[in-house]
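Below is one structure, written out as C-alpha cells; the observations come after it.
The values are calculated or read from the model by the stated rules, or taken from the named source; none is laboratory data. Computed from a prediction, not measured in an experiment: that's the story for all the values here. Cβ: placed from backbone, ideal geometry, glycine included. Neighbour counts: every protein chain shown. What goes into the accessible areas is simple: the full protein's heavy atoms, side chains included, and nothing from ligands, DNA or RNA. Shrake-Rupley method; radii C 1.70, N 1.55, O 1.52, S 1.80 Å.
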Amino acid sequence: MQQDLVSIIIPFYNEEQFLARAIRSALVQTYTNIEIILVNDGSTDGSMAIAEAFRQTEARIKLIDAEHHSQGKARNRGISAAEGRYVLFLDSDDELEHFAVASLLGRMEAEQADLVICKFALYDASGRLTKHIGWTVDGHPMNRSETIGALYRNRIVYMAGARLYHLDMVRKYPFPEGTWFEDTPFVLAYLLHAERVSFEEQICWKIHSRPGSITRRLIEPKRIYDSRTVFLYELSLLQTSADYNRMKSVFFTYHVQGLMRNLIFLCSDRARVADKEALQTSFEQCFADFKKQLDVAGCRLGPRTKVNLALLSLPRFSGWRFTFFIVPLLKRKQYRSIHVLRNT
C-alpha cells in the first residue's frame, strides 16, 4: 500500500543558528514519504543560504523565498505549496523527534481523527530540559466542544505546533497575517469543524525557548493590540458555534488571564520601555474594548476571575502609580517568574 504524503512546513526568519537543526530533524523521520517546505520570510542573515544548501542535496525539500511579512503569511505560503494529505508546522528553532510523523500519523489513521495533538519537551535558553507538556486530559478522543473547552481551561496548550492536521481542512482556515499570536484563531477555526480529536502520549517535539522570543521580549503596544485583535477574531469564530452560550464563560475567563499576563508584563518592564505612556494607553483601550464585549456576553465568572477584573480596572479608577504598586504585590508568584524571565 502506498503511504500518504505528509507535508512539513518550516517558515524561517533570521534563524541561521537553529535552522539546520530543524531541517535535519525533519529529514531523519522514520516515516519517509514526506515533503519539507521551507519558507524564507525575508531573512537578512545566512538562513537562506543554509536552506538553499539543503534544497540542492535533498529532493524532498521545496524552498519558497519571499519578502518579510509575518509568521502567519509565511505559513500560508507553505500551505499553498503543500501537496500532502496531512500537514504539520515546525518552527525553525524547534525540532522533531525522529518518530514524530510516524507516531502522529499512526494515531490519526487508527482513530480516524481530524487532528492529533502530541506532548512536547520544553527547553530553556541554555538547552536545559524544563518540563514535558502539551495536554493534561485523559488521552481519549474528544469531540470539538470537549477539545475547545479543554483549550480554554489550559488543559491543552494553545498552539499550532505539536499536532498533525488534514491539509484539505487547513486550507479552509488560513492563519491571520501581520499579527502576533496567529496560532490561536487558526486552531480554533480548525477545531470548530473537526469531528474527532486524538491525543498522542509520546513526546514528539522539542521546543526551545530563546532570548528573542515574544515571551522574553520587552512588552510593547503591538503585543497588547494584537492580543485584542486575536481575542475579537476568536470571539467572532466562537459566536458561530451552537455551543457558544455554553462556552462563553470559559472563553472570557481565559482571556482575562491573558490580559492579566499583559498587565504583569507591563509592571515588570515599565522601567525599561521606551514609551511608557503609549503602552499604558494601549492597555486601557484594549481592556475597555474587552469589557464591552464581556458586558454584552453577560456570562457568569468565578470569584478569581472577578478579582482579576478588578485588578485590570485599577489603572482607570486608581491610576498607574497605585497599579504598579499593588499588582506585583498581589500577583507575586507570576510577577517574580516574569521578572526572572526578563532578566536571564
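Just a few scattered comments:
- Yes/no for F325 being in contact with a His (Cβ under 9 Å, 6 or more places away or on another chain), surrounded by 11 or more Cβ atoms within 10 Å (Cβ to Cβ) and either touching a residue at least 60 places away in the same chain (Cβ under 8 Å) or part of a helix (DSSP H, G or I) (or both): no
- Qualifying residue in the stretch 194-215 (condition: under 16 Å from E146 (Cα atoms) and open to solvent by 20 Å² or more (accessible area, probe 1.4 Å)): yes
- Applying a threshold of 6 Å to beta carbon distances and a minimum spacing of six or more residues, or different chains, the list of pairs starting in the stretch 264-280 at a residue that is closer than 12 Å to F324 by Cα and ending at one that is of a type in the set (D, E, K, R) and at pLDDT 90 or above reads I264/K331; R270/K276.
- Of the residues making up the stretch 170-189, just one is aromatic (F, W, Y) and in contact with a His (Cβ under 9 Å, 6 or more places away or on another chain), namely Y173.
- Summed over the stretch 111-154, the residues that are in a loop (DSSP other than H, G, I, E, B) and either of a type in the set (A, V, I, L, M) or farther than 25 Å from Q71 by Cβ (or both) give a count of 13.
- Extreme residue, modelled with the lowest pLDDT, among residues of the stretch 234-278 that are open to solvent by less than 40 Å² (accessible area, probe 1.4 Å), of a type in the set (G, A, S) and touching a Leu at 6+ places or on another chain (Cβ under 9 Å): S268
- T44 being touching a Phe, Trp or Tyr at 6+ places or on another chain (Cβ under 8 Å) and exposed (fewer than 15 other Cβ atoms within 10 Å of the Cβ): no
- Meets criteria (at pLDDT below 95 and either crowded, with 18+ Cβ neighbours inside 10 Å or not β-branched (V, I, T) (or both)) for C299: yes
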